[in-house]
Every structure is written in C-alpha cells, then in structure tokens.
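The values are calculated or read from the model by the stated rules, or taken from the named source; none is laboratory data. This is a predicted model, so every value here is computed, not measured. Positions of Cβ are backbone-derived with ideal geometry, glycine not excepted, and every protein chain shown enters the neighbour counts. When the accessible area is computed, the model is the full protein with side chains, heavy atoms only, and any ligands, DNA or RNA have been set aside. Shrake-Rupley method; radii C 1.70, N 1.55, O 1.52, S 1.80 Å.
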Amino acid sequence: MSIPGSRLLEAARTGAVWVRVERVQGSAPREPGASMLVDADRTEGTIGGGHLEFEAIARARRMLATGGPRAAHARLALGPSLGQCCGGTVDVSWRIVDPDERPWIERVAALDAAADALGAAHGWLVTRPDAADGSAASDGPAGFAGAAASDGSAGFAASAGAAASAGSPPRPVRGAPHSTWHDAPPAAAPGELVSRVESAPWHVWVFGAGHVGEALVRVLGTLPARVAWIDPRPGAFPPDPPPNARCLESDGPAHEVAAMPAGADAIVMTHSHALDLDVCAALLARDDLGRIGVIGSATKAARFRRRLAQRGLDAARLHCPIGARPDGPVRTLDRHPGAIAVSVAFELWRRRRVAAEATPAAAGAAR
C-alpha cells in the first residue's frame with residue numbers, strides 16, 4: 001500500500017478520501033495500487049501528479065464537502081481531455097474514510113502487522129460505487145470482470161453489458177459502510193468493485209551513521225521504506241532523521257541482526273572495517289535476508305570474502321562495492337556521499353521491483 005493502513009486509521013478520526021489507482025491500460029504515470037489520502041487541507045501520497053491528480057483531488061474534496069457519495073469509480077483517459085500525453089487510461093476509485101468505515105479500515109491496517117511477520121499479505125476490498133455520482137456499474141469497462149486480477153489490479157464483478165441488464169446497484173444507505181473486507185477472493189455482486197489490497201513492507205537496515213550513511217538514509221526517507229539505522233557511537237545521529245527512520249544506538253550492531261525481519265535489505269558502512277566484517281558475518285549467517293551490501297573497494301571486497309569464507313559463510317552473497325554500476329570507470333565525482341547514496345538507493349529499489357514482478361523462484365534468485 002502506498003498509504004500505510006495505520007494512516008487510514010488516523011484519517012478516519014477527521015475524515016478523508018482514499019484515492020486509488022485500480023487498473024491501468026497503456027501508458028500511465030503510476031501503477032495499480034498507487035494511492036493517496038485527501039482531506040480538506042492537504043494530500044499525502046500521489047497517483048502520478050499532473051491534471052489526473054488535480055481532478056482526483058478536486059473530486060475527493062467535493063465528496064467531503066457534500067458528504068457523498070461515499071464511494072465512486074471512474075475511468076479517465078490520459079489524453080487531450082486531461083492535458084496529459086501518456087495516452088493510456090486509468091481506473092480510479094474514491095472511498096470516504098471516516099468512523100463509519102472503521103471495520104474495513106482496521107482490516108487494511110492489520111495488513112502491515114501481518115506483512116511484517118509473513119513478508120507480504122493481501123486481502124480484497126469490495127465496494128459499491130454510488131450510482132448517483134455517475135459511478136454505476138455501467139460506467140465500468142467492458143470485460144472488467146471477475147475477482148481481482150493476478151496483477152493486483154481491480155475488477156468489476158460483472159461486465160458493463162451484464163451490469164446494465166441487471167440494472168444499477170442499490171444506492172448505499174447513508175452512514176452504512178460502503179466497503180467490506182474479505183480474506184479470500186469474494187463472490188461479488190454485479191457492479192461491485194473488487195480491489196486487491198497488498199502490503200509488503202520494504203525494510204532497509206543501514207549500519208553506520210557517517211556521511212554516506214546519513215546521505216543514504218535521507219534518500220531512503222523519500223521512498224516507501226522502513227529504515228532501521230544503527231550505530232554504536234553516542235551522538236552519531238543527526239537531530240532530524242527522516243520520519244521513516246528509526247535510530248538505534250547499539251554497543252553491538254552485529255547483535256541487532258537477529259531482530260531483522262525476513263527479506264530486509266542491509267547496507268553496511270560503519271566507521272570500522274572490523275565492525276563491518278562482524279556485521280557482515282552476522283548477516284550472512286542468516287539465509288532469509290534480501291540484499292547484503294557493504295561499502296568499500298574491490299580490494300576490501302576480496303579480503304572480506306576470503307575471511308568470511310574461512311568462517312564457513314557464503315561470501316558470494318556479499319555485494320561489494322555497492323551501488324548501481326556506472327557505464328564507465330568510477331570517477332572522483334562519483335564518490336560524493338550524495339552520489340553514492342542515490343546509486344545505492346536506486347540499486348535496492350530496482351532489485352525490489354524486479355523481484356516483485358518475478359515468479360517466486362526468480363524472486364529468490366534475485367537476492
């Protein structure tokens with residue numbers, strides 16, 4: 001989820017609208033599942049910017065101002081009508097988030113905890129778009145049928161033709177929940193919107209709060225990551241870490257590895273080569289982590305791999321030097337802390353996206 005379930009719970013206290021990209025055809029700025037939270041004064045998240053987002057925000061605020069509809073769905077063409085040159089089409093949903101909807105919001109929020117334990121979790125949200133706002137089933141695209149698609153996009157329970165012959169779905173009762181949660185693919189009625197909601201938190205553990213470590217954590221602060229930042233030195237952390245970073249001053253950074261969730265990525269860049277080696281050994285002793293990278297030169301990499309192999313560890317799993325490989329030779333400019341941080345963050349992000357789109361077997365091989 002691009003908006004954490006815990007934030008939906010917070011928003012329910014004051015009222016907001018959850019805007020989601022449900023399906024994409026052709027070229028579009030964001031993928032299915034991308035979402036944003038809109039209230040009367042501000043927005044959080046993005047569905048791609050531009051006029052598409054402007055129109056989505058305007059519609060969300062009209063819903064808040066008028067008290068309805070409680071849910072809506074529309075297909076928007078990213079062509080001349082929206083002033084965007086992408087050329088594709090985007091199916092967007094709007095759901096009012098308020099105390100009346102707490103049952104399904106709590107289930108969405110629970111995905112975060114489940115995903116922390118399992119590595120990923122998902123469920124299905126079934127919504128009745130309000131026919132009075134032009135979001136009846138007959139507005140759904142033909143062939144948009146069945147339960148949620150395997151790619152995580154949404155689906156209507158019936159095609160446009162079948163829904164039209166069945167008539168518009170009943171108008172939701174004011175104050176009644178317009179969405180219901182399902183742990184298994186539901187048998188939805190004609191005209192209901194079925195959204196697959198997924199949560200797979202991205203955990204990144206950064207060992208070391210030096211110049212490069214701080215630069216990396218600040219870049220990760222702009223991404224949907226949960227960052228654990230570890231350093232043994234008092235006063236090493238800045239006073240203003242990103243809100244998604246948890247700072248941990250630990251006398252034994254290598255001992256903290258046991259607390260890492262399965263699938264987490266780790267980047268090692270402490271102030272000490274000996275400490276780097278100890279942390280790398282603890283990381284390689286586990287077989288359920290994601291990317292394990294350590295800052296350093298090719299010479300350091302060879303030394304570390306030799307010493308780790310002597311301890312009986314699979315040193316081939318260690319990635320050093322870290323960062324996306326440049327097309328040409330590394331130059332002095334490339335060693336700027338900010339440049340290294342951008343390169344490492346991009347490498348982690350690219351690997352995560354490739355693994356997410358691969359089969360389970362291929363995802364395991366991508367480590």
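What's the Cα-based Rg to Rh of the stretch 174-232, Rh via Kirkwood?
Taking Rg over the Kirkwood Rh, I get 1.31.
Could you please state, rounded to a whole Å, how far the C-alpha centre of the stretch 3-60 is from the C-alpha centre of the stretch 273-320?
41 Å
What full-extension length gain, to one decimal in nm, is calculated for Q25 and R353 as 0.36 nm per residue of separation minus the Cα-Cα distance?
Length difference between fully extended and current span is 116.1 nm.
If you count only protein heavy atoms with a 1.4 Å probe, what accessible area per residue comes out for the stretch 187-309, rounded to a whole Å²?
Dividing the accessible area of the stretch 187-309 by its residue count gives 40 Å².
Could you compute the net charge surrounding D251? Neighbours are other residues with a C-beta less than 13 Å from the C-beta of D251; K and R count +1, D and E count -1.
-3
Order of 190-203, 246-259 by packing, highest average Cβ count within 10 Å first?
Final packing ranking: 190-203, 246-259.
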